[in-house]
1. Extension gain K87-E24, at 0.36 nm per residue separation less the Cα-Cα distance, in nm?
2. Considering amide H positions built from the backbone, and no H for Pro or chain starts, which residues 5 or more places from I100, or on another chain, come under 5 Å of its amide H?
3. For q values of 0.25, 0.30 Å⁻¹, compute log₁₀ I(q)/I(0) with the Debye formula on a Cα-only model of the range 59-119, without solvent.
4. In sequence order, what are the phi-derived ³J(HN,Hα) couplings for the range 88-99 according to the Karplus relation 6.51 cos²θ - 1.76 cosθ + 1.60 with θ = phi - 60°, rounded to whole Hz, with x for glycine and proline?
5. Counting only heavy atoms of the protein chains, get the accessible area per residue of the range 59-119 (1.4 Å probe) and round it to a whole Å² value.
6. Give the lysines reachable from K9 as a straight Cα distance under 26 Å; neighbours fewer than 8 places away on the same chain don't count.
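The values are calculated or read from the model by the stated rules, or taken from the named source; none is laboratory data. If you're wondering where the values come from, they're calculated on a predicted model, not measured in any experiment. For the accessible areas, the whole protein counts, side chains as well, though only heavy atoms, and no ligand, DNA or RNA atoms are used. Shrake-Rupley method; radii C 1.70, N 1.55, O 1.52, S 1.80 Å.
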Amino acid sequence: LDKLVDEVKNLTLEQARQLVERLETELGVSAATFAAPVAMAGGAAPAEAAPVVEEKTEFDLLIDEVPSNARIAVIKAIRAITNLGLKEAKDLIEGLPKKIKEGVAKDDAEDAQKQLEAAGAK
């Protein structure tokens, strides 16, 4: 059991979410319904119960750093992602870190992140 716990500790949040979904499917149980009887039986105090992790649906897109040799490519990527003009996109990469977009859907944020990283931004 210790080995299994150590492996679970090293999972990313997405991997942990997938593990919970798979266990629920394979075993025909729900993690939420399992936690309640354990707490009621005195096995764990409610304060010690694992919090329900809600999956984040909106993300902010930030740029922390742009290497000087990647400035032009990053400006082009910002323009493609945000539909900003050249001057506005250039101003965004000055005085980093800065938010490029706020409240973006997960898929859109991941696509934009890939574009910016491919251009050289961090």
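1. So the chain would gain 17.6 nm between K87 and E24.
2. L61, L62, I63
3. Calculated log10 I(q)/I(0) at the listed q: -1.09, -1.52.
4. Running phi through 6.51 cos²θ - 1.76 cosθ + 1.60 with θ = phi - 60° gives 5, 5, 5, 5, 5, 8, 8, x, 6, x, 9, 7 Hz.
5. 64 Å²
6. K56, K106
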